[in-house]
Amino acid sequence: MAAPAPVKLFEGATHASVYLKYRPSLPQKIFESIVEYLQEKHSKPFKLAVDVGCGSGQGTQPLAPHFERVIGIDVSEAQIAAALKRDDKPPNVEYRTGQGEKIPVPDNSVCLVTCFQAAHWLDYTAFCKEVDRVLQPSGCMAISSHGSLLPEGCDGDETTDKRLQELHTDFCEGTVLGPYWDHHRTRHNHNLFADFSIPYPGSIRDDSYQLVWEMTVPSYIGFLSSLSALRTYLKKNPSSPNPLDEFQDRLKEIFDAKAELEQIKVRLKAPVVLLLGRKPLP
C-alpha cells in the first residue's frame, strides 16, 4: 500500500508570512528540558538536531545554541522560504523542504529529532521508524504540542474574560470555523496528544507546562488569521466576507471602546505536553 500523501495546509507565501509573524513559540523551559534529557545519556558535543514540521522556525531556532548544526524540514516550500528570510536566523541553522517520513539525513547521524505542533500531520508510524533510522544510539526524540488556546484580558475583569472566551470558542470551535478544521488537528489538539507515545523503553510524558502569550488585540487578530481552518473557510467561501471582520467588531463591543484596540492587550493560555524518548544502545 502506498504511503499517504503529506498533509499540506500551510501553503502560500501570504499564509507563511502571517504564520511567521503571529504564531507563538513554545515555552523556553520546553527546550531546556529537552536538552537536559539528551545530555543525561548522550555525550557532548551535540553535533546535529533535526526539527520536523518546522514551519517558519519557531521551534527550530531555540535549538541553535545547543547544537553545532540544526536542520529544520517542512513539506511547505512557502514555510521554508519564510524561515530562510528570517532576520534572526542563526548561522548554524538551515532549512530544507522535506517530509518527516523521509528525513533527508544519513543513518545514525542525529543527536535529537524534534517535532513541535506537527506530529498530528504525519504518518506517525512511518515517522517513528524514520526517526529510529537517523538517531544515534542514546539520541533522543522529542514531541511537543499545546492544546486549545483561550484568551483573557490583562486587567483582571472576569466578566470581560468570560465574554472574550465565549466569542473565541464559538469562532474557533463552533459555528464559524468548527466545520473547517482538518480531523488530524481536531482530535489530537483536543486530547493533547493522548494517543501519541514514543516507542522507546522508558519514554516519558510531561503535562506540567503551560503556554502564556501576551499580545495586543491586533496581534491576536493576526494570530487568528494564521489558522488553517480560516484559510480553508476563505478558500471554500470566496464570495463571503472574512469572518474576522465581524469578530473584530464583537471585540470592540466586549472592550466597550475603552481604548484603541492597539492599546488593549490580551493573554492567550494553553496547556502544553512534552513527550521524550531515547534510542537504546545496541
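The values are calculated or read from the model by the stated rules, or taken from the named source; none is laboratory data. Just so it is clear, the structure is predicted and the values come from calculations on it, not from any experiment. Here the Cβ positions follow ideal geometry from the backbone for every residue, glycine too, while neighbour counts run over all protein chains shown. With ligands, DNA and RNA removed, areas are computed over all heavy atoms of the protein, side chains included. Shrake-Rupley method; radii C 1.70, N 1.55, O 1.52, S 1.80 Å.
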Please go through the stretch 45-60 and pick out each residue that is open to solvent by less than 20 Å² (accessible area, probe 1.4 Å) and either assigned to a loop (DSSP other than H, G, I, E, B) or over 11 Å from Thr114 (Cβ atoms) (or both). Phe46, Leu48, Cys54, Gly55, Ser56, Gly57, Gly59, Thr60
Only residues that are open to solvent by less than 20 Å² (accessible area, probe 1.4 Å) and in contact with a strand residue (DSSP E or B) (Cβ under 7 Å, 6 or more places away or on another chain): list them for the stretch 75-94, please. Ile80, Ala83, Val93
Among the residues of the stretch 152-162, is any touching a helix residue (DSSP H, G or I) at 6+ places or on another chain (Cβ under 8 Å), open to solvent by less than 30 Å² (accessible area, probe 1.4 Å) and closer than 24 Å to Asn191 by Cα? no
Considering Val266, Val273, Val217, which residue is within 28 Å of Gln28 (Cβ to Cβ), touching an Asp or Glu at 6+ places or on another chain (Cβ under 6 Å) and surrounded by 16 or more Cβ atoms within 10 Å (Cβ to Cβ)? Val273
It is to be established whether one or more residues within the stretch 256-269 are without any contact (Cβ under 8 Å) to a residue 12 or more places away in the chain and assigned to a strand (DSSP E or B). no
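Identify, please: which residue in the stretch 61-74 is within 20 Å of Tyr124 (Cβ to Cβ) and not aliphatic (A, V, I, L, M) and is, among those, most open to solvent (accessible area, probe 1.4 Å)?
So, considering only residues that are within 20 Å of Tyr124 (Cβ to Cβ) and not aliphatic (A, V, I, L, M), the one most open to solvent (accessible area, probe 1.4 Å) is Asp74.
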Listed residues Tyr95, Tyr37; which is at pLDDT 90 or above, among the hydroxyl-bearing types (Ser, Thr, Tyr) and in contact with a Gly (Cβ under 6 Å, 6 or more places away or on another chain)? Tyr95
Kindly list, by first and then second residue, each pair from a residue in the stretch 150-174 that is under 19 Å from Ser228 (Cβ atoms) to a residue that is open to solvent by 30 Å² or more (accessible area, probe 1.4 Å), limited to pairs with Cβ atoms under 6 Å and residues at least 6 apart or on different chains. Leu150/Gln165; Leu150/Lys269
Could you check the stretch 77-94 and list, in sequence order, the residues that are farther than 24 Å from Ser33 by Cα and either touching a Lys or Arg at 6+ places or on another chain (Cβ under 6 Å) or not in a loop (DSSP other than H, G, I, E, B) (or both)? Glu77, Ala78, Gln79, Ile80, Ala81, Ala82, Ala83, Leu84
